Amino acid sequence: MPCERKPMRYGHSEGHTEVCFDEHGRFIVTCGNDGDVRIWESLDDDDPKFITVGEKAYSLALKNGKLVTASSNNTVQIHTFPEGEPDGILTRFTTNATHVTFNSSGSRVAAGSSDFMVKVVEVSDSSQQKTLRGHEAPVLSVTFDPKEDFLASSSCDGSVVVWNIEEQTQVISWPLLQKTNDVSNAKSLCRLAWQPRGGKFLAVPVDTKVHLYERGTWEHVSTLCDDLLTQPVNVVAWSPCGQFLAAGSVGGALTLWDVNSKLCVERQKHEKGFTVCGLAWHPSGAQIAYTDTEGCLGLLDGLSVSTADTSALKAAVNKPVKDYDALFDDDDDDRVLDEGLSDTNSPVKRHVAVDEDDDEDDVLIPSTGRVRNRGAILDDENSLDTGSLKLGPDTFRDDDDDTGGAVVPRSVALAPPRPVYEGPMPSAPQKAFQPGSTPAHLTHRFMMWNSVGIVRGYNDEQDNAVDVEFHDTAVHHAMHLTNSLGHTMADISQEAVLLACTSTDELASKLQCLHFSSWDTNKEWMVDLPPGEDARALCLGGGWAAVATSTLMLRLFSIGGVQRDVFSLPGPVVCMVAHGEQLLIVYHRATGFDGEQVLGVQLLQFGRRKRQIMNEPLPLSLRSHLTWLGFTAEGTPCYVDSDGVVRLLNRSLGNTWTPVCNTRETCKSRSDHYWVVGVHENPQQLRCIPCKGSRYPPTLPRPAVAILPFKLPLCQTTTEKGQMEEQFLRSVLFHNHYSFLSSSGYEVDEDGQSRSQKEQQELLMKMFALSCKLEREFRSVELAELMTHNVVTLAIRYASRSRRMALAQRLSDMAMERANQIQDEEPEAQDEEQEHKSIRRNSGEVTGGRHSNRHNQVEEEEQGQELGEEEDGQEMETEETPESRRRLNPFAKEAVSPVQPSLTPIGKVGRANPFKVFGSGKASASSGQSRGTNILDNMTSSRKSAPPGLSAGKPGKSPVLKPLAPRPKSKTQSTLLQMTGTKTANKKPQGNTEPAADQRKQAEVPPPASPADHTDNKRPKTGFQLWLEENRKSIVFDQPDMEETDVIKEAMGRFRTMSAEDRLSWTERAKGQTGDDLKKRKRAGGEDVGSENGREEADESDAKKKKSLDSVSKLSAFAFNKN
């Protein structure tokens, strides 16, 4: 295709330049780095008109007498054409716009910007805007589908995306380009172009080739290439007829292809070899204007494309097919023919090869040895495309307007239609990333930002290094590391820095650990992963490191480099984090559709007993993806999605995820984001970095950390009721970590725990008062069920003073019923405990001797104010087994009733209810009253040892607030009861009018037998055993499904959290009680204990009953006194 290259002329200052023609082809319009738009009547125009639009002009578009420009003041402006009068600002961005374009009708403008956004704006009403979000780097180019259903964009994040304009969603995304951090650093501008009229193909410049994607199916149907192209293609443009595609490259090459035959029909070279950055066809198709990065304007004139286009359109019906071949007579040769027929991606080859294998030569090449019509068979497909059956009749009409379609011979057989899938399209799976890091394609980036420190990566022309900075310099000083291996992933903890790199052709993927807390001189170790296995995610825990690989494997190392475990993951890893003994992994469970990500979460705990806590789906917002994953400072898992929703694990509600914050609500602009770096539960803080106009912060200057408050998305939070409900639920949720920490053996801030409990009860009382004012008494009772005993008393008092006697009566009945239920559950729990002991008795006979030899060692550790490891705890647990067997064995030489040794049950529950009558003989004339007497005391004492998280999670059963009664008093009462427990158990049947059967058996047994037996067999108790006996009931009540071994572990965890003085006091009490027990048994077995003492003690217990009855009657009289 012969053409003439006109000499280039100066147009603008050095820098990026763009060019376009007006609709009639009378003017050439250019813009450049000098901020001017120049209007040329021809290339020889020595005095072009110019319009100054800003300091710099990055892009322009012209349609219907409207000139749209993207300038350096972050705006997209409109001017009238050719007058050049300002016509307003179409839209604004937070940074400069990079590319603008009109749709085919000129009613809309699309603009891409460096703030990662694409906007579609109505020209007639600029307030009608649609924003397309999803790119993770500056946008390179945008182009409209001729039918205005779709819009395509390319970005520095390496993706080319097709958007549905009305739904503002991604239809498909192709990762085709090399990633960069800015338009100025991009190897190619990747200016996309959609085929005119039918819009059948989307042209995408990819390196030195141009890919063609089919509209509707979005399949890669063919590739246009040229052996002489050695540098990336920068910009492409379709001819007005849609048959030819022109491309300008970085090296200054200008190439023209016939799309039907995929042959290069014209090659031109920039006279100085500068990069071609602008390209535009004349409306007639006879000229191509182009600009370079030096600001010069050039022209290719005399193209025969226009002739071919118009002649083919006019003579399509009358002209024979063979006359069409004259278009290519001058340019074709055998080599080119072979090249055109060898492309397996071509629709020509595909269709012919399927059904006409034997006759392929006859169809394609006539006897003359020349292809009769290269465009015929391709346009055969164009004119009856399988996708067009579904896309509507417009496709036929548009394709028939094309050049090739006009000359399709009707005699060629059509391929059978292929089935077309019309359902939802699968979403591209989210790539693996490190939480707290910025994208890897940035030259300066954060490799990790967490609560310990910051790891920065630099990869530019001057340096390739890693900087490590600690928030607390007492942990370690800052480090500067040479990144010779090309590490792309990092994590940092109080013990080490962990780095990893992907594999190359020569080197395997490596894991490098800088163990700076090691006490020896070798503070670094490195591991090569197996061939074909790449690190995808890594994290550091307490004394261990984990790395997830591309082969769905997770490898666990000790902090010193020992390989500890390896196991398979359920799916490709997305990210993972660690905190202490916990490991949280997020992975792909399946393929998502319509922009959804189907993720799963796995939580593992690597203590002495390794176990999986949860493995369930991870809930995300609609059409969002995961952006951050981590633990709170207190050890609760949480994560953030791309919609800015922060979710926290609710352990008390079956490990569900509760949304606690939405960062988008605090953003001032749609392009603003918050980059989360940490979460704290006490105080409630979300630590994040505000990012103005981007998703990620820059490394320099060091960004400032902001603190956002939490807010649960409850209904009607503008009302007083909604606000208090939100505060209460948030307080309960954010203080669940106390129970987890105590059960895991960590120290708990008792002051903060008590403050949170007090805050919750105050909120309940405020909501109760509000419900009373609104005359919502049923709601008031529901709130009272969440209160503790003391607060219920206040609620009864408030209801009485508010003249709501029915409500006060309900509250009193509710408290009585709740307490009766708790008391009824006590014997059941004791019976279960007896059954567990009897079941474990057989195993205790085998192991009891071995463990009893170690009892003195455990006692010495108690006296040293330290508890042993978990193995010692198991020994103490097994030590009780033969002891309880001796106490309860009915086949002993001198048998006693199993109920008779009531000392141990009293020691276990002495703090819970000091007025309870122990033993099985509870039935008496005043048993119902005695139950009512002991209700509130039982509630207050059980409250003392209940963990806050569990009590908050189980309202109505285990109250939250600590009692007002002083704690030492209950301890004194329990000690006194222990001293007199045996006497009461033995003498009480004499005072009862209806003694039980087992008590009559007990009276018949000779009293001296049991004390002698116990004195010989029972060993002295340790402080921990004494504490466990008194607190066992509360532990079992809080967690009734817990096995005996787990009860011991739970008790050991709570006992460890006590101060050294408290543990020492329990040890001293154990020593003192041992002496008291011996004296007590001697008195119980002495012959001089007469019946008078028994009567006096019985009278004393009756007096206690009456006294407690009086307190309840006084409370009731106060609550219901109408005066």
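The values are calculated or read from the model by the stated rules, or taken from the named source; none is laboratory data. Not measured: the values here are computed from a predicted model. Here Cβ is always computed from backbone atoms with ideal geometry, including for glycine, and neighbour counts include all displayed protein chains. The accessibility values were calculated without ligands, DNA or RNA, using every heavy atom of the protein model including side chains. Shrake-Rupley method; radii C 1.70, N 1.55, O 1.52, S 1.80 Å.
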Q) Residue separation times 0.36 nm, minus the C-alpha to C-alpha distance between residue 1041 and residue 271: what's the value? A) 268.7 nm
Q: Please name which of 690, 792, 709 has its Cα lying farthest along the dipole of segment 676-809 towards the positive end, using unit charges on Cβ (Lys, Arg +1; Asp, Glu -1) and the Cα centre as origin.
A: 690
Q: Please work out the Kirkwood hydrodynamic radius for segment 523-602, using every pair of different C-alpha atoms, and report it in angstroms with one decimal place.
A: 13.4 Å
Q.
What's the magnitude of the charge dipole for segment 224-291 around its Cα centre, counting Lys and Arg as +1 and Asp and Glu as -1 at the beta-carbon? Answer in Debye, nearest 20.
A. 100 debye
Q) Karplus couplings for segment 238-252 from phi (6.51 cos²θ - 1.76 cosθ + 1.60, θ = phi - 60°), rounded to Hz, Gly and Pro as x? A) 8, 6, x, 7, x, 9, 10, 10, 9, 9, x, 10, 5, x, x
Q: Treat each spin label as a single point 7 Å out from the Cα along the C-beta direction, and report the residue 1062 to residue 813 distance in nm.
A: 4.0 nm
Q) residue 126 to residue 717: extension gain in nm, 0.36 nm per residue of separation minus the Cα-Cα distance? A) 209.3 nm
Q) For segment 135-209, with the dipole built from +1 on Lys and Arg beta-carbon atoms and -1 on Asp and Glu ones, taken about the Cα centre, which of 150, 135, 202 lies farthest toward the positive end? A) 202
**Q.** segment 252-309, dipole about Cα centre (Lys/Arg Cβ +1, Asp/Glu Cβ -1), debye to the nearest 20
**A.** 160 debye
Q) Using +1 on the beta carbon of Lys and Arg, -1 on that of Asp and Glu, and nothing else charged, what's the dipole of segment 709-787 about the Cα centre, debye to 20? A) 300 debye
Q: Return one quarter of the surface area of the convex hull spanned by the alpha-carbon atoms of segment 122-243, equal to its mean projected area, in nm².
A: 8.3 nm²
**Q.** Segment residue 755-residue 473, extension gain: residue separation times 0.36 nm, minus the distance between their alpha carbons
**A.** 98.3 nm
Q.
Along its three principal axes, how long is segment 702-777 when you only count alpha carbons? Whole Å, largest extent first please.
A. 47, 37, 17
Q | Spin-label model distance (nm) - residue 184 vs residue 605, 7 Å beyond Cα toward Cβ | A | 5.3 nm
**Q.** Tail fraction, Cα-Cα pairs, segment 448-584, threshold 25 Å, whole percent
**A.** 22 percent
Q) At a 1.4 Å probe, what is the % contribution of carbon and sulfur to the accessible area of segment 437-499? A) 49 percent
**Q.** residue 263 long-range amide H proximity, modeled H, under 5 Å
**A.** 258
Q: Scan around residue 252 for amide H atoms under 5 Å from its own, H built in the peptide plane at 1.01 Å from N, and keep only partners 5 or more places away or cross-chain.
A: 276
